[in-house]
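Student: Have a look at this one before I ask anything.
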Amino acid sequence: MSPFCEDLEVQDFDDTLISQRGEGWWERAVSLRVRGLPSKRMGYDIERFVGYVNEGLLCCVCRDVLEEPLQAPCEHAFCSSCIHGWLVHHHNCPEDRQALDITLLRPLFRYMRNDLSRLQIRCRNREQGCEMVCSLESVDRHERECEYGLVTCTNTGCPMQVERRTLEAHLSVCEFRSRECPNGCGYTILSCDETQHSCVAELRTELELLRSEMICKVEEVRHEMESRLDSQRRHMVQKESLLKNEVEELKGQLSRVMSDVRALLGAERLHRQELDQAELEKREVLELLKSLQREGRAPATPPSPHPASEGLRKAGSARSLALDCIKRKAREVTVI
């Protein structure tokens with residue numbers, strides 16, 4: 001990584017560096033120093049590469065070998081982070097000052113990507129002892145698996161970072177390694193706490209904790225059951241009140257129906273009496289009618305000059321009126 005990508009200091013830029021970076025490089029460096037670049041470091045340090053590196057494969061901002069490269073329409077290439085940081089405060093190419101917008105950036109030409117991929121680079125863990133030299137396109141995969149790379153201890157609470165190849169040895173002696181208590185209490189204890197561990201105290205604490213949890217659960221269940229019972233009780237009271245109202249209403253309806261039935265029975269008895277009386281009168285009238293009809297069929301006597309003949313005519317007329325009255329009465333009884 002060049003001095004430009006680290007904290008920029010005035011003494012970092014001698015005449016040689018300025019001449020290497022071309023005209024206008026100092027201006028860009030000071031501008032970026034004042035305005036600030038993103039904290040992420042981009043570009044591969046040119047000193048890590050084996051053999052010659054073409055000038056066209058260097059970032060025009062940090063002057064290191066391109067990492068995640070992008071290209072401007074003017075064909076100048078930059079690291080992705082470098083050019084994005086530059087365009088936050090500028091709107092031109094840092095190399096030739098032509099107008100440049102972030103939407104105009106494009107991937108690198110294929111032949112340049114191929115040249116980048118074929119470059120041979122040393123592992124970044126070289127100072128720890130790794131002698132691996134591989135192509136740029138495979139260096140990330142190697143460094144993720146490099147035995148000399150630093151990894152954080154997997155034990156919870158341990159802040160140590162060790163080389164991947166020594167991780168197993170560290171885990172065997174790590175103060176934060178855990179194991180089950182050898183005395184049989186079943187607790188998992190850390191190595192640093194092993195001397196202070198007391199099975200009886202731990203079990204007593206666990207028992208108290210379980211007891212507290214059980215009491216809390218019992219109280220919760222009790223409160224829940226009481227709440228349910230109160231709800232059921234209120235529901236039953238409301239239901240009982242509704243049923244009582246319905247029973248009272250049904251009693252009232254039954255009383256009214258019984259009154260109507262008694263009234264109907266009384267009317268029926270009265271009607272039956274009237275029918276019996278009418279039937280009796282009908283029989284009497286029919287008997288009277290039959291007797292009158294029998295009398296009407298008797299042989300007639302020759303007229304007599306006796307003065308009583310006029311009385312007989314009047315009696316016959318009265319009898320006819322009586323017959324008409326009896327017939328009308330019989331018809332009325334039949335209708336009833």
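The values are calculated or read from the model by the stated rules, or taken from the named source; none is laboratory data. These numbers were taken from a predicted model, which means no experiment stands behind them. Every residue, glycine among them, receives a Cβ derived from its backbone with ideal geometry; neighbour counts consider all protein chains shown.
Student: Looking at the stretch 125-139, is at least one residue among the β-branched types (V, I, T) and touching a Leu at 6+ places or on another chain (Cβ under 9 Å)?
Tutor: No.
Student: For the stretch 119-131, what are the residues that are more than 15 Å from E55 (Cα to Cα) and outside any strand (DSSP E or B)?
Tutor: Residues satisfying the conditions are C123, R124, N125, R126, E127, Q128, G129, C130, E131.
Student: Select from the stretch 82-115 the residues that are over 27 Å from V50 (Cβ atoms) and basic (K, R) and write down the one among them that is surrounded by the most Cβ atoms within 10 Å (Cβ to Cβ).
Tutor: Result: R97.
Student: Filter the stretch 132-149 for residues that are surrounded by 14 or more Cβ atoms within 10 Å (Cβ to Cβ) and assigned to a strand (DSSP E or B) and give the result.
Tutor: V133, C134
Student: Is there a residue in the stretch 191-199 that is surrounded by fewer than 15 Cβ atoms within 10 Å (Cβ to Cβ) and either under 30 Å from V65 (Cα atoms) or at pLDDT 85 or above (or both)?
Tutor: no
Student: So E95 clears everything in (1) assigned to a helix (DSSP H, G or I); (2) over 30 Å from E163 (Cβ atoms); (3) of a type in the set (D, E) except one condition, right? Which one?
Tutor: Result: E95 fails condition (1) only.
Student: Any idea which of R222, R283 is among the charged types (D, E, K, R), more than 30 Å from E175 (Cβ to Cβ) and at pLDDT 90 or above?
Tutor: When all the criteria are applied, what remains is R222.
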